[in-house]
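Comments concern the structure below.
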Amino acid sequence: MSAIDELATELSRLPGIGRKTALRLTYHLLRQPPEQSRRLADALGGLSDRVHRCSVCANLTEGDPCDICGDARRDKAVVCVVEEASDIGAIERAGEFRGVYHVLGGRLSPLDGVGPEDLNVDRLVERVAPGTVREVIIATNPSLEGEATALYVQRQLATHVPMISRIARGIPVGGDLEYADGVTIAQALSARREM
Amino acid sequence: MPLVETDAIVLHVFDYSETSRILRLATRDAGLQSVLARGARRSKSRFGSALDLFAEGAAQLQLKDGRDLQTLASFDVTRSRSELGEDMGRFVGASALAELVLRFSGADDVSVALFEALADAMDNLAAAQHAVAMEATLSGAWRLVAEMGFAPSIDSCASCHALIDAAGDLPFSHTAGGVLCERCARLYPGGRRLPLDARRAIADWSQGRRLADCDERAAKAHQRLLREFLQEHLADGRPLRAFDAWEQGALVAR
């Protein structure tokens, strides 16, 4: 296999990249100065060497524990449970949450063969079992599989944590009620809060 | 590129690229379809928030011959079936039903009757209390098997077709495809014996009727029987992952 085909094959394994895009990226790299390709190769090589899972929350990190778990200013008694490490970035960008996280590493999906044993739930139970956590916020995606995962996690934690909450669902900020679908409006109404 | 409007049920969902999803749909008029829903993961998606697993709605598909992946132009949800995610028994049961259709109905073999059987099965399961979720799944599964043309013979011998009217246990052979008269049973060694109420249950379920009473032990026995039947008549050697999760019951128990 030629070097061009080899790189295109590897790139086309990435999500959202088909054969044509992989070839386009390959030819783009060939048009660049060789140093740029080397920098990319070094960055890719260093990724698996330097990045690993935090031993506390399973976030992706270069240190252990991760910056969030190691931050003394964060409230360790409030744990936000997310499906993937990338979800942490989304919540951190909002700047509202000052607790810590726990990454499940996916969501329950019988159709894809993903069961409880594939998720990082046992570690979460170990983490909250000593009784130092006062609230767990379950922030799995608001999809049917995300809801089932939230229900499963809630059941596992129920005897260990005084308060288990679920992130709210409803009309997005900046959205228009007129254009919201019926399911979203129904969710927003059922999760309404007193003013 | 022809635009086809049809009712559809979402059987499987995959995230694709940054904002899109690939859906596997059972449709009333266009068989099984894999479609790309561009932008479906955005919070202000034109598909709305309810385009999710097991949802049913009016779909507009842009179909092009020779393509494996078609384009979803719109999907107006009529039933979101979010209740299926609110109970583990319902969730794993619905996944097993979806897997049956995905794996064992051919791309062009989703008849109107099979589509309606699937819609009924999902509705029944969505409305089922936790205690009867397994019975609702069994009922839906046997009806789907029947609509696919594999209903077991219950009232007549699967081998010689003689009518059987027996109150006691009868031999049941997966290979033969149903119950056997005592004479033919000698030709099919190694089957099970099914009591009358188990035979009645399968007959009722295959016709879309529900049982008023089915205890856990009987339901477990029916799960095993259904698995053996599927392995004999439909299985292609690949594991049935959702069916396994449903049969093992680990999600429901914990």
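Worth pointing out:
- Matching option when the condition is part of a loop (DSSP other than H, G, I, E, B) and among the aliphatic types (A, V, I, L, M), among A:V56, A:V100: A:V56
- Condition met for A:P116 (open to solvent by 30 Å² or more (accessible area, probe 1.4 Å) and modelled with pLDDT under 95): no
- Tally, over region B:192-226, of residues that are of a type in the set (F, W, Y) and either modelled with pLDDT under 90 or in contact with a Gly (Cβ under 7 Å, 6 or more places away or on another chain) (or both): 0
- Near pairs, Cβ below 6 angstrom, 6+ apart or cross-chain, from region B:63-80 (over 13 Å from B:P2 (Cα atoms)) to any residue that is in a loop (DSSP other than H, G, I, E, B) and at pLDDT 90 or above: B:V77/B:A55; B:S80/B:A55
- Residue in region A:116-139 that is without any contact (Cβ under 8 Å) to a residue 24 or more places away in the chain, of a type in the set (G, A, S) and either within 12 Å of chain B (Cβ to nearest Cβ) or under 27 Å from B:A55 (Cβ atoms) (or both) present: no
- Residue check, B:A146 more than 14 Å from chain A (Cβ to nearest Cβ), in a helix (DSSP H, G or I), open to solvent by less than 10 Å² (accessible area, probe 1.4 Å) and of a type outside the set (F, W, Y): no
- Residue in region B:102-110 that is in the same structural domain as B:I202 (by TED's automatic domain parsing) and closer than 25 Å to A:G146 by Cβ present: yes
- Scanning region B:24-41 for residues that are at the interface with chain A (Cβ under 10 Å from one of its Cβ atoms) and assigned to a loop (DSSP other than H, G, I, E, B) turns up just one, B:R41.
- Per the listing A:V56, A:V78, the residue uniquely in contact with a strand residue (DSSP E or B) (Cβ under 6 Å, 6 or more places away or on another chain), at pLDDT 95 or above and surrounded by 11 or more Cβ atoms within 10 Å (Cβ to Cβ) is A:V78.
- Taken together, the residues in region A:1-58 that are of a type in the set (A, V, I, L, M), closer than 30 Å to A:V125 by Cβ and in contact (Cβ under 8 Å) with a residue 12 or more places away in the chain amount to 2.
- Among the helices (runs of 4 or more DSSP H) confined to region A:119-195, the ones with at least 2 residues that are at pLDDT below 90, out of contact with any Cys (no Cβ under 8 Å at 6 or more places or on another chain) and surrounded by fewer than 16 Cβ atoms within 10 Å (Cβ to Cβ) are located at A:182-190.
- Residue in region B:159-179 that is surrounded by 15 or more Cβ atoms within 10 Å (Cβ to Cβ) and assigned to a helix (DSSP H, G or I) present: no
- Region B:59-85: number of residues that are among the hydrophobic types (A, V, I, L, M, F, W, C), more than 9 Å from chain A (Cβ to nearest Cβ) and open to solvent by less than 40 Å² (accessible area, probe 1.4 Å): 6
- Residue within region B:135-150 that is at positive phi and at pLDDT below 95 present: yes
- One residue alone among B:R200, B:R209 is part of a helix (DSSP H, G or I), surrounded by fewer than 19 Cβ atoms within 10 Å (Cβ to Cβ) and out of contact with any Phe, Trp or Tyr (no Cβ under 7 Å at 6 or more places or on another chain), and that residue is B:R200.
- In region B:14-47, residue nearest to B:A73 (Cα to Cα) [restricted to those that are touching a residue at least 60 places away in the same chain (Cβ under 8 Å) and basic (K, R)]: B:R24
- Candidates B:L61, B:L114, B:L97, filtered to the one that is over 21 Å from A:S109 (Cα atoms) and in contact with a helix residue (DSSP H, G or I) (Cβ under 6 Å, 6 or more places away or on another chain): B:L114
The values are calculated or read from the model by the stated rules, or taken from the named source; none is laboratory data. Please read all numbers here as calculations on a predicted model, not as lab measurements. FYI the Cβ positions are ideal-geometry reconstructions off the backbone, even for glycines, and counts take in every protein chain you see. Accessible surface is based on the protein model in full, side chains and every heavy atom, while ligands, DNA and RNA are left aside. Shrake-Rupley method; radii C 1.70, N 1.55, O 1.52, S 1.80 Å.
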